[in-house]
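The block underneath contains the structure these notes are about, expressed in structure tokens.
Values in this text are rule-based calculations from the coordinates and carry no lab data. Model, not experiment: these values are computed from the prediction. We place every Cβ from the backbone using ideal geometry, glycine too, and count neighbours over all the protein chains shown.
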Amino acid sequence: MNHKILEGKKGIIFGALDDQSIAWKAALAVNQAGGEFVLTNSPLAIRMGKIEELAQQTGSQTIACDATSLEDLNHLIEKSTEILNSKLDFVLHSIGMSVNVRKKRHYTNLKYDWLAKGWDISAVSFHKLLQTLYKSDKMNQWGSIVALSYIAAQRTFPNYSDMAENKAYLESVARSFGYYFGKEKKVRVNTISQSPTPTTAGKGVKGLDAFLNFAQANSPLGNATALDCAHYIVSLFSDYTRKVTLQNLYNDGGFSMVGVSEEILTKFLE
Ligand SMILES: NC(=O)c1ccc[n+]([C@@H]2O[C@H](COP(=O)([O-])OP(=O)(O)OC[C@H]3O[C@@H](n4cnc5c(N)ncnc54)[C@H](O)[C@@H]3O)[C@@H](O)[C@H]2O)c1
């Protein structure tokens with residue numbers, strides 16, 4: 001896809017850890033579509049990950065930011081608008097982590113300090129980001145802010161654990177804050193609910209391969225890849241989606257609307 005539909009648009013992309021990350025593919029796709037951006041991730045991820053490779057490929061600068069820290073968020077937004085010499089047209093929040101999932105703690109036996117940390121990183125950080133952008137008035141009119149979600153916010157999936165609640169909270173923040181951002185600033189706020197995807201965060205969920213195979217068999221178009229998600233993000237940052245806001249948008253090959261597919265039924269006939 002080679003349409004320059006983001007020419008002249010500037011923004012911030014959170015969450016590119018390595019070349020499997022959805023944010024990594026999104027950065028490449030936004031760059032290809034003519035958008036300019038600052039890349040950011042937590043200080044640890046910047047040290048351990050490969051973000052500098054991506055920065056070189058896309059001619060971007062990188063600024064460390066722990067998305068749970070208001071001080072870091074203020075600094076990031078201030079510096080980014082200086083570097084880009086402009087207010088922002090788009091922001092991608094591509095951040096998720098549950099300590100309980102990472103440490104394989106069962107949902108019926110959660111540690112609540114771990115739950116609180118995962119909630120802060122995966123969900124409250126989105127409110128903090130929106131509030132910082134809103135108060136600093138650093139979004140341009142008709143700008144677009146996107147965060148990434150998963151269908152476990154609506155339906156039960158084993159092993160997704162407390163991330164299900166984090167995603168439900170994240171989607172609710174998009175609606176609640178999106179209302180004020182729309183009314184006061186003419187900025188849209190949406191979440192994309194993405195198919196299971198083999199990334200570092202995705203692989204943290206026990207049995208990801210089974211999730212992937214089940215979703216693949218139950219989706220008429222097959223699972224959406226990280227690249228498919230990147231292209232959807234580009235469209236949501238573009239002027240072609242100016243009146244789309246407060247939505248949770250499924251990018252899942254149709255999975256969310258299928259009860260059961262013939263492939264899955266056939267397995268039970270065997
Ligand atoms: N992989 C999947 O199956 C899948 C499906 C649906 C939605 N998502 C969502 O997509 C988003 C991106 O995840 P991904 O799958 O690309 O995995 P990923 O592991 O590549 O990305 C997660 C990112 O979150 C960052 N992060 C963690 N703590 C942070 C903090 N305190 N401050 C700033 N950044 C922090 C990590 O450094 C990492 O870059 C997440 O919101 C995830 O929940 C993933």
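The longest stretch of the chain left intact once loop-based trypsin sites (Lys or Arg not before Pro) with at most 14 other Cβ atoms within 10 Å are removed from consideration, loops following DSSP, is 5-102. Once each part is reduced to its C-alpha centroid, what is the distance from the stretch 1-57 to the stretch 90-133 in angstrom? Between the Cα centres of the stretch 1-57 and the stretch 90-133 lies a distance of 21 Å. Checking the Cα-Cα distances for LYS135/LYS183; LYS87/LYS243; LYS117/LYS206; LYS50/LYS135 against a 25 Å cut-off, the pairs over it are LYS50/LYS135. Using only Cα atoms, find the angle between the long axis of helix 70-84 and the longest principal axis of the chain, and express it within 0 to 90 degrees, rounded to the nearest 10. For 70-84 against the chain, the angle is about 60 degrees.
Just need the relative contact order of the stretch 10-269 here, percent rounded to a whole number, with Cα pairs under 8 Å and 6+ apart. It would help to have the intermediate numbers written out before the result.
Details: 478 pairs, mean separation 50.2, N = 260.
Relative contact order, the stretch 10-269: 19 percent.
The aspartates and glutamates whose alpha-carbon is closer than 16 Å to the alpha-carbon of LYS203, local same-chain residues fewer than 8 away aside, are ASP18, ASP19, ASP162.
Each residue in LEU133, LEU227 was given a count of other beta-carbon atoms within 10 angstrom of its own, and listing them fewest first yields LEU227, LEU133. Helix 208-217 and the longest principal axis of the C-alpha atoms of the chain enclose an angle of approximately 80°.
Hydrodynamic analysis of the stretch 10-269 uses the Kirkwood radius over alpha carbon pairs. Inserted into Stokes-Einstein at 37 °C and 0.692 mPa s, it gives a translational diffusion coefficient of 177 µm²/s.
Treating only the Cβ atoms of Lys and Arg (+1) and Asp and Glu (-1) as charged, compute the dipole magnitude of the chain about its Cα centre; round to the nearest 20 debye.
On the way: 29 positive and 26 negative charges, 101 e Å.
Dipole about the Cα centre, nearest 20: 480 debye.
Note that the stretch 49-55 has calculated 3J(HN,Hα) couplings of x, 10, 4, 5, 4, 5, 4 Hz, one per residue in order, obtained from phi through the Karplus relation 6.51 cos²θ - 1.76 cosθ + 1.60 (θ = phi - 60°); glycine and proline are x.
Summary of the geometry: the stretch 58-75 and the stretch 206-239, compared by the centres of their Cα atoms, lie 27 Å apart. To test your reading of the geometry: what angle, between 0 and 90 degrees and rounded to tens, separates the Cα axis of helix 226-237 from the longest principal axis of the chain? Rounded to the nearest ten degrees, it is 40.
Among PHE237, PHE157, PHE14, rank each residue by its count of other Cβ atoms within 10 Å, from fewest to most, as a rough exposure measure.
On the way: PHE237 28, PHE157 17, PHE14 24.
In order of increasing Cβ crowding within 10 Å: PHE157, PHE14, PHE237.
Simple rule: put +1 on each Lys or Arg Cβ and -1 on each Asp or Glu Cβ in the chain, find the dipole, and look at GLY11, ASN109, LEU44; the Cα lying farthest toward the positive end is ASN109. Remark: the stretch 169-270 carries a charge dipole of roughly 660 debye about the Cα centre, counting +1 on each Lys and Arg Cβ and -1 on each Asp and Glu Cβ.
Once the stretch 128-270 is represented by equal point scatterers at the alpha-carbon sites, with solvent omitted, what log10 I(q)/I(0) does the Debye formula produce at q = 0.11, 0.14, 0.16, 0.18 Å⁻¹? Computed log10 I(q)/I(0) values: -0.46, -0.71, -0.88, -1.05.
Panel note: the C-alpha atoms of the stretch 76-187, placed on their principal axes, show extents of 47, 26, 17 Å (largest first).
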